[in-house]
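For reference, the structure discussed in these notes is given below.
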Amino acid sequence: DIEVVPWARGYRFAQKEENAILFLTSRTPQRETLFKWVGPVIQNRWELIAKKNRHFNIDSQAELLDYTYGTVIDDVGEQFLLNLGIQKERLERTSAYANCIKMLRAGRVDMVVMSWETFSLFAGRENIDTSAFESLTTVASSDLYFAFHKNAPQWIIAKFQDALDALKAEGKLDALKEKYAHLKN
């Protein structure tokens, strides 16, 4: 069964339930031992997104320390901001990307951290016009993987990796990316 849940719940669930897979997540040093990994599938960028009418001009990393950010609990974007030295008190943490975008629209935070594709998808679901927003800078990028519970049998991991590698070799993964490329807009 496939269940779509808020990010933080899915992240915790995949760590607790032995038959769980999280699709897709960043493989980072902090997460390395939490899961068994299959991938990479695609690469993602985490961007700082703000309202255009705020006219932010980020010239240095130090300037980022003065703003507030909407983040999803346990999302890698949160970790990227903390790694930049941004204090946890500057983060408005929520369980879902849509909530971050609503906080941004309402002016409760200065910026959100997520990919532009994710921003566009969830803004569209909330009937929020993305033309009023802009990406200011890319905070980080990472490869995205399937994350299996750490006790998943190795033979399952190997079969899944083999299947993914076959999709790549046959060009089917690229064909799927091309087929759904319009979703980026």
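Annotations
- Of residues in segment 70-105 being in contact (Cβ under 8 Å) with a residue 24 or more places away in the chain and of a type in the set (Val, Ile, Thr), the one nearest to PHE122 (Cα to Cα): ILE101
- Considering each residue of segment 149-167 in turn, none proves to be polar (S, T, N, Q), open to solvent by less than 50 Å² (accessible area, probe 1.4 Å), free of Cβ contacts under 8 Å to residues at least 60 places away in the same chain and out of contact with any Leu (no Cβ under 6 Å at 6 or more places or on another chain).
- Residue in segment 16-31 that is open to solvent by 10 Å² or more (accessible area, probe 1.4 Å), touching a strand residue (DSSP E or B) at 6+ places or on another chain (Cβ under 9 Å) and over 24 Å from ALA158 (Cα atoms) present: no
- For LEU81, the requirement of being open to solvent by less than 20 Å² (accessible area, probe 1.4 Å) and either more than 12 Å from the chain's Cα centre (by Cα) or farther than 20 Å from ALA147 by Cα (or both) is met.
Yes/no per residue for (1) over 21 Å from LYS150 (Cα atoms); (2) open to solvent by less than 80 Å² (accessible area, probe 1.4 Å):
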{"site": "VAL38", "(1), (2)": "no, yes"}
{"site": "ARG90", "(1), (2)": "yes, no"}
{"site": "THR94", "(1), (2)": "yes, yes"}
{"site": "CYS100", "(1), (2)": "yes, yes"}
{"site": "MET103", "(1), (2)": "yes, yes"}
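- Options SER142, SER131, SER135: the member that is within 14 Å of the chain's Cα centre (by Cα) and either in a helix (DSSP H, G or I) or of a type outside the set (A, V, I, L, M, F, W, C) (or both): SER142
- The single residue among GLN43, GLN30 that is in contact (Cβ under 8 Å) with a residue 12 or more places away in the chain and in a loop (DSSP other than H, G, I, E, B) turns out to be GLN30.
- Residue pairs meeting the criteria (Cβ under 9 Å; at least 6 apart or on separate chains; first farther than 16 Å from ASN151 by Cβ, in segment 1-16; second open to solvent by 60 Å² or more (accessible area, probe 1.4 Å)): ILE2/PHE23; GLU3/PHE13; VAL5/PHE13; ALA8/ARG93; GLY10/GLU3; GLY10/VAL4; GLY10/PHE23
The values are calculated or read from the model by the stated rules, or taken from the named source; none is laboratory data. All values reported here derive from a predicted model rather than from experimental measurement. As a convention, Cβ positions derive from the backbone with ideal geometry for all residues, glycine included, and neighbour counts pool all protein chains shown. Accessible surface is based on the protein model in full, side chains and every heavy atom, while ligands, DNA and RNA are left aside. Shrake-Rupley method; radii C 1.70, N 1.55, O 1.52, S 1.80 Å.
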